[in-house]
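Down below is the structure, laid out as structure tokens.
The values are calculated or read from the model by the stated rules, or taken from the named source; none is laboratory data. Because the structure is predicted, anything quoted here is derived from the model rather than measured. Neighbour counts run over all protein chains shown; Cβ positions are idealised from the backbone, glycine included.
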Amino acid sequence: MNCIEVKNVTKRFKDVTALNNVSLKFEGEKIYGLLGRNGAGKSTLLNVITNRIFADEGEVVVNGELAVENDSAQRNIYLMSEKSYYPEAMKVKDVFRWSQEFYPLFDMESALELADKFGLNVGKKVKELSTGYSSIFKIAVALSVNTPFVLLDEPVLGLDANHRDMFYKLLIEKYNDNPMTLVISTHLIEEVANIIEGIVIIKSGEILKNESCDEILSQGYTVTGSVSAIDDFVRGKEVIGYDTLGGLKTAYVMGHIAREDVPYGLEVTKLDLQKLFIQLTN
């Protein structure tokens, strides 16, 4: 079975419980958003999955095999993380060649093409790269390894708006050409809302939501109208947030409503993922 299963995983750092009895599944050929505030446990979870740290309790299973100290299982996964594990004195182009040794399906042509698109000088040493270009370098590797599972931990760190937009477009192109499981760990909810299929929301080491994007967003709705009309409409309802612009007010409401029950003058649309995330993680 093509999936990563996390079963009852707990990880503690002295008195801090970074992961508390976490269970979830990343199924094959889907794009997941692993969403949480800084310090929520996102990076710890990805590091446990990839054996960079070990759980105190529980287990990780990759395609039916236990992942702990199992090179066969780990070769199915690539983790792009904020921390660089490459030799700092090594040139980018040499890291690309080195990656071929660990990932037999690594596409050197793709990596060099991506580097060129982003303006990355592959003759530079890893330690000479800025924060943004360090991210670009790791993106080039991540999109070229051709493993069944690619985990991206805050992948757009240090990138400007143009490079972030380019990254998401290239990510979707890669996924369409060669479907894989992508897990994007981020706190930039608005940037990934339109590309993720599954959502895992984590807070203080515990999973709050683990559902499809459609399922989560169907749990509420957004309603917009005049300030007075909105105030009247939402009375007694579970409102998770408001926005006001001039004489218009928008409310983000949990629950369901039939179209015929919407008063004249009000507009109902899909729930905003960012608003839901903020409410759940407050």
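I'd like to check something: does region 229-247 contain any residue that is assigned by TED's automatic domain parsing to the domain that holds residue 110, closer than 28 Å to residue 17 by Cβ and free of Cβ contacts under 8 Å to residues at least 60 places away in the same chain? Step through it out loud before you land on a result.
Filtering region 229-247 for residues assigned by TED's automatic domain parsing to the domain that holds residue 110 gives none.
Checked region 229-247: no residue is assigned by TED's automatic domain parsing to the domain that holds residue 110, closer than 28 Å to residue 17 by Cβ and free of Cβ contacts under 8 Å to residues at least 60 places away in the same chain.
Summed over region 244-269, the residues that are touching a Ser or Thr at 6+ places or on another chain (Cβ under 9 Å) and either at pLDDT below 90 or surrounded by 14 or more Cβ atoms within 10 Å (Cβ to Cβ) (or both) give a count of 8.
Which residues, taken from region 226-241, are farther than 15 Å from residue 271 by Cα and either touching a strand residue (DSSP E or B) at 6+ places or on another chain (Cβ under 9 Å) or part of a helix (DSSP H, G or I) (or both)? Selection gives 226, 227, 228, 229, 230, 231, 232, 233. Assessment of region 191-203 against the conditions (of a type outside the set (Ser, Thr, Tyr), at pLDDT 95 or above and under 20 Å from residue 137 (Cβ atoms)) yields no matching residue. Within region 154-177, restricting attention to residues that are outside any helix (DSSP H, G or I) and surrounded by fewer than 21 Cβ atoms within 10 Å (Cβ to Cβ), the residue that is nearest to the chain's Cα centre (by Cα) is 154. Being among the polar types (S, T, N, Q) and in a loop (DSSP other than H, G, I, E, B) is the filter; apply it to region 178-222 and report the residue that is surrounded by the most Cβ atoms within 10 Å (Cβ to Cβ). Per the criteria, the residue is 204.
Being buried (at least 21 other Cβ atoms within 10 Å of the Cβ), hydroxyl-bearing (Ser, Thr, Tyr), modelled with pLDDT of 95 or more and assigned by TED's automatic domain parsing to the domain that holds residue 24 is the requirement here; does residue 110 meet it?
no
Scanning region 140-161 for residues that are without any contact (Cβ under 8 Å) to a residue 60 or more places away in the chain and over 20 Å from residue 189 (Cβ atoms) turns up 140, 143, 144, 146.
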